[in-house]
Amino acid sequence: MLPSLPEITYEDRPTRILDFDIETVAAGFADPAWVPQDVTCIAWSWIGEEKVSSVIRLNGVEKMLTRFLEEYARADILTGHNIVRFDLPVLNAEVIRHGLPALGPKLAQDTIRLPKIKGLKKVQDVLGKMLGTPTDKLPLNWWEWRDAYNEPGWKTVVLRCEGDVIQHKQIRQRMQERNLLAAPRMWRP
């Protein structure tokens, strides 16, 4: 008879932190104060790992969402820039529209949450410059976004989304080193 193994509990394993970003396009105009969004690309990487993965809508929206939801389910904490006000609600709307279950509650660590400040724009590219990250955000103006969505395979869209994740991981690390990183909070849809 084999000896029984001890039960593995949440405390026995490392916390899994998933860094992610989405790209979107306007899906129509229902109200001048609100523009619905379609998710076009999702990129992610686990904290402590180098690999960045991504999926795009061109390969099928349900396939894109399902692939990311598998990673979402494995995460203990989500991190990204402005994910609480933008990425998570937009992603939740997208999964619901496509008949998938709504996102479940998850701890979220959003780097837009800084100590009280005045005179500093809290967008990702500015934080990256301020914190001296080696990766810059890929700048795209309206025309360049238009061209990016006309490229076969949306190569530039994927580069932007994956690049945002790479830079964000660097920002998060620098914020942690400088004691600027707020504690995760529970995000509930």
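What follows is calculated from the coordinates using simple rules that are stated; it is not laboratory data. Model, not experiment: these values are computed from the prediction. Positions of Cβ are generated from backbone atoms using ideal geometry, with glycine treated the same way; all protein chains shown enter the neighbour counts.
Enumerate by residue number the GluC sites (Glu not before Pro) in the range 8-109 meeting two conditions: DSSP loop (anything except H, G, I, E, B), and at most 12 other Cβ atoms within 10 Å of the site's Cβ.
Glu49, Glu50
Taking 8 Å as the Cα distance limit and 6 or more residues as the minimum spacing, I'd like the relative contact order of the range 56-189 as a percentage.
The normalised contact order for the range 56-189 reaches 32 percent.
Which residues does a label at Ala27 reach in the range 111-153, if reach means a backbone N under 20 Å from a point 7 Å past the Cα toward the Cβ?
Taking a point 7 Å out along Cα→Cβ of Ala27, the residues of the range 111-153 whose backbone N falls under 20 Å are 146, 149-150.
Could you tell me the convex hull volume per residue, in Å³, taken over the Cα atoms of the range 127-188?
Dividing the Cα hull volume of the range 127-188 by its residue count gives 115 Å³.
Any idea which of His98, Trp142, Leu131 is furthest toward the positive side of the dipole for the chain, if Lys and Arg beta-carbons carry +1 and Asp and Glu beta-carbons -1?
So the residue furthest toward the plus end is Leu131.
Let me see the P(r) profile for the range 38-83: every Cα-Cα distance counted, bins of 10 Å, each bin given as a percent of all pairs.
24, 56, 20
Using Cβ counts within 10 Å as a stand-in for footprinting exposure, how do Val90, Val123, Val52 rank, fewest first?
By the 10 Å Cβ count, ascending: Val123, Val90, Val52.
Can you compute 3J(HN,Hα) from phi for each residue in the range 108-121, using the Karplus curve 6.51 cos²θ - 1.76 cosθ + 1.60 with θ = phi - 60°, rounded to whole Hz and x for Gly and Pro?
Running phi through 6.51 cos²θ - 1.76 cosθ + 1.60 with θ = phi - 60° gives 10, 10, 9, 6, 6, 7, 10, x, 3, 9, 9, x, 10, 6 Hz.
Under a crude label model (7 Å from the Cα following the beta-carbon direction), how far is Lys51 from Leu120 in nanometres?
Label at Lys51, label at Leu120, 3.5 nm between them.
Could you check what % of the DSSP bridge pairs in the chain are antiparallel, to the nearest 5?
Percent antiparallel among DSSP bridges in the chain is about 70.
Along the range 92-104, what does the Karplus equation 6.51 cos²θ - 1.76 cosθ + 1.60 (θ = phi - 60°) give for ³J(HN,Hα), rounded to whole Hz, x for Gly and Pro?
4, 4, 5, 5, 5, 4, 9, x, 9, x, 4, 4, x
When the label point is put 7 Å from the Cα of Ala73 along its Cα-to-beta-carbon vector, which residues of the range 102-130 have a backbone N closer than 15 Å?
What the label zone holds, given the 15 Å backbone N cut-off, is 102-105.
Pick out, from Trp46, Leu18, Thr111, the residue whose Cα sits farthest towards the positive end of the charge dipole of the chain, with +1 on the Cβ of Lys and Arg and -1 on the Cβ of Asp and Glu.
Result: Thr111, furthest along the dipole toward the positive end.
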